[in-house]
Amino acid sequence: MTDAIHVTDASAPADATGSSALPRFPRGFFFGAATASYQIEGAHDEGGRGPSIWDTYCREPGRVADGATGDVACDHYHRYREDVALLRDLGVDSYRFSIAWPRVQPTGGGKANAEGLDFYDRLVDELLAAGISPAATLYHWDLPQALEDRGGWRVRETAERFADYTRLVVDRLGDRVPRWITLNEPFCSAFVGYAIGRHAPGAREGRGALAAAHHLLVGHGLAVRALREAGVREVGITLNPDRLLPATDSAADLAAVRRAETLHNEVWLDPLFAGRYPAHERETWGESADGSYRREGDLITIAAPLDFVGINYYRPITIADAPHRDADPAARTAVDIGVEESWRQDVRRTTMGWPVVPHTFTDLLVDLDRRYPELPPVVITENGSAEDDSVAEDGQVHDADRVAYLRDHLFALAAAVEAGVDVRGYYVWSLMDNFEWAFGYAKRFGIVRVDYDTLERLPKDSYRWYRDLIRHHKQETQ
Ligand code: FCB
């Protein structure tokens, strides 16, 4: 299905812009860059925007590093023209951004706030004028606070409201946005937000988190229906399936991986692409899984056919068996599957502490492809690394580690394509440094540096490397 992959020596030096060793992709494969509304927009109280759960969470002491908030972030709301110019010079085919629900419906319901939609309207037109195809994510974690106050994703009403919101957005932008993503990483919304409490709304619940997972999926299915009715070209969802590696090959650790597969992967993949709830859910959840939030017909809603599945991938997770925090399953307040997660220590790690093991990207994709025959074509909607960047004496950011990370992961992706996985495109995370959730501004994922004092943008070496890769791909496949 593809030209031969250009195999290179994996130990080739990672010179910053050297294009001597570039991965090759089939004709038609597209490249893009990704961001998300709360992480870049700022302007938290402008244009009629209502508060989101992240505005609330950031204001709770001790939640976010250095007490950071997204109030200003990269000020993209005012500087989007400059950011689109950066995308144009980068040469990307597509830009993945997200729409802030609280800009469109400040209290999570009712008619659209025209000023909120106007912003995205201007952004979309600016992109099209620059020859860049817009890809809109409808939900990248910034739930209107008013909906959280009514139960958030724990309640079905939020899924229904999500479909109403989707209709308002697609009504306005559907004529110009070809690619739509309903949810970004519902794993994080449900489990990091409602079980572990490290993301907004910061809850630590068992049943609540499982109900949230289900309602997110129902919301996705209802939104797909709304997008189909509007006749848009491509509809998908972005998941973050994990590559889970046992700490040892003991039976206990292997059983722990089995449970973690349910939590991380099968909760989403099974209903979406196999039309069933996860096979091992009882033994994984224990008493928390009463399933009372499920209704007949939900699986059909959830499993509506998609044009693509978005995959975000960064690093593998090491899984070990661990005692349950509370021996009595009924007493557990958070989802607790008796597992300890850690990062491999024997390889280079990014500033997130994440291990860099590129071949796990290939393995994950090949494995998904084998396990889910109904899996639609894949689009990589995020991949990238946070590094300790600094501005050198020559005024530039020589982020050789990020270049090496991107190069090695793109080679790993090319290997998955060669192995037969139908991957259509790749978005780097992220166009620019931004608000990295609970880590605030301390972690930089951008290929463009943002100076948070002046808000100036400065393309890094990785930006130039990626630009060269895109140019090279276009020349080779013309
Ligand atoms: C993903 C998120 C994205 C960004 C990256 C680093 O989980 O979707 O917003 O924070 O991680």
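The values are calculated or read from the model by the stated rules, or taken from the named source; none is laboratory data. All values reported here derive from a predicted model rather than from experimental measurement. In this analysis, Cβ positions are derived from the backbone assuming ideal geometry, glycine residues included, and neighbour counts consider all displayed protein chains. What goes into the accessible areas is simple: the full protein's heavy atoms, side chains included, and nothing from ligands, DNA or RNA. Shrake-Rupley method; radii C 1.70, N 1.55, O 1.52, S 1.80 Å.
All of 270, 298 fail the test of being under 19 Å from residue 371 (Cα atoms), open to solvent by less than 20 Å² (accessible area, probe 1.4 Å) and either in contact with a Phe, Trp or Tyr (Cβ under 9 Å, 6 or more places away or on another chain) or charged (D, E, K, R) (or both), apart from 270. None of 436, 418, 456 is touching a Ser or Thr at 6+ places or on another chain (Cβ under 8 Å) and open to solvent by 10 Å² or more (accessible area, probe 1.4 Å) except 418. In the stretch 182-210, the residues that are of a type in the set (Phe, Trp, Tyr) form Cβ pairs under 6 Å with partners that are assigned to a helix (DSSP H, G or I) and more than 13 Å from the ligand (Cβ to nearest atom), at six or more places apart or across chains, as follows: 191/209; 194/208; 194/209; 194/212. Residue pairs whose Cβ atoms lie under 6 Å apart, separated by 6 or more positions or on different chains, with the first residue in the stretch 299-325 and under 19 Å from residue 253 (Cβ atoms) and the second open to solvent by less than 10 Å² (accessible area, probe 1.4 Å) and in a strand (DSSP E or B), are 315/355. In this structure, residue 427 does not satisfy being touching a residue at least 60 places away in the same chain (Cβ under 8 Å), within 14 Å of the ligand (Cβ to nearest atom) and open to solvent by 20 Å² or more (accessible area, probe 1.4 Å). Is it true that residue 216 is within 16 Å of the ligand (Cβ to nearest atom) and touching a helix residue (DSSP H, G or I) at 6+ places or on another chain (Cβ under 7 Å)? Considered against the rule, which asks whether it is within 16 Å of the ligand (Cβ to nearest atom) and touching a helix residue (DSSP H, G or I) at 6+ places or on another chain (Cβ under 7 Å), residue 216 comes out as yes. Within the stretch 348-406, count every residue that is assigned to a strand (DSSP E or B), surrounded by 21 or more Cβ atoms within 10 Å (Cβ to Cβ) and within 16 Å of the ligand (Cβ to nearest atom). Result for the stretch 348-406: 5.
In the stretch 65-83, the residues that are in contact (Cβ under 8 Å) with a residue 40 or more places away in the chain form Cβ pairs under 9 Å with partners that are open to solvent by 20 Å² or more (accessible area, probe 1.4 Å) and among the small types (Gly, Ala, Ser), at six or more places apart or across chains, as follows: 65/438; 65/442; 66/442; 68/442. In this structure, residue 88 does not qualify as of a type in the set (Lys, Arg) and over 21 Å from residue 470 (Cβ atoms). Residues in the stretch 89-112: is at least one open to solvent by less than 10 Å² (accessible area, probe 1.4 Å), outside any loop (DSSP other than H, G, I, E, B), hydroxyl-bearing (Ser, Thr, Tyr) and more than 16 Å from the ligand (Cβ to nearest atom)? Yes: the stretch 89-112 contains one or more residues that are open to solvent by less than 10 Å² (accessible area, probe 1.4 Å), outside any loop (DSSP other than H, G, I, E, B), hydroxyl-bearing (Ser, Thr, Tyr) and more than 16 Å from the ligand (Cβ to nearest atom).
Taken together, the residues in the stretch 185-202 that are under 16 Å from residue 336 (Cβ atoms), in contact with a helix residue (DSSP H, G or I) (Cβ under 6 Å, 6 or more places away or on another chain) and open to solvent by 10 Å² or more (accessible area, probe 1.4 Å) amount to 1.
When the stretch 278-288 is filtered for residues that are in a loop (DSSP other than H, G, I, E, B) and surrounded by fewer than 19 Cβ atoms within 10 Å (Cβ to Cβ), the ones remaining, listed by number, are 279, 280. Restricting attention to the stretch 191-203, the residues that are hydrophobic (A, V, I, L, M, F, W, C) and within 13 Å of the ligand (Cβ to nearest atom) total 3. Applying the set (1) farther than 19 Å from residue 284 by Cα; (2) in contact with a Lys or Arg (Cβ under 6 Å, 6 or more places away or on another chain); (3) within 16 Å of the ligand (Cβ to nearest atom); (4) not charged (D, E, K, R) to residue 178 leaves exactly one unmet item: (3).
Residue count for the stretch 122-144, restricted to those that are open to solvent by less than 30 Å² (accessible area, probe 1.4 Å) and assigned to a helix (DSSP H, G or I): 3.
In the stretch 140-158, what count of residues is obtained for those that are within 16 Å of the ligand (Cβ to nearest atom) and under 17 Å from residue 119 (Cβ atoms)? Here the count works out to 2. Against the conditions (1) open to solvent by 10 Å² or more (accessible area, probe 1.4 Å); (2) away from the ligand (no atom under 16 Å from the Cβ); (3) closer than 20 Å to residue 141 by Cβ, residue 30 satisfies every one except (3).
Here the stretch 439-453 is the region considered, the condition is being open to solvent by 10 Å² or more (accessible area, probe 1.4 Å) and among the aromatic types (Phe, Trp, Tyr), and the residue that is farthest from the chain's Cα centre (by Cα) is 452.
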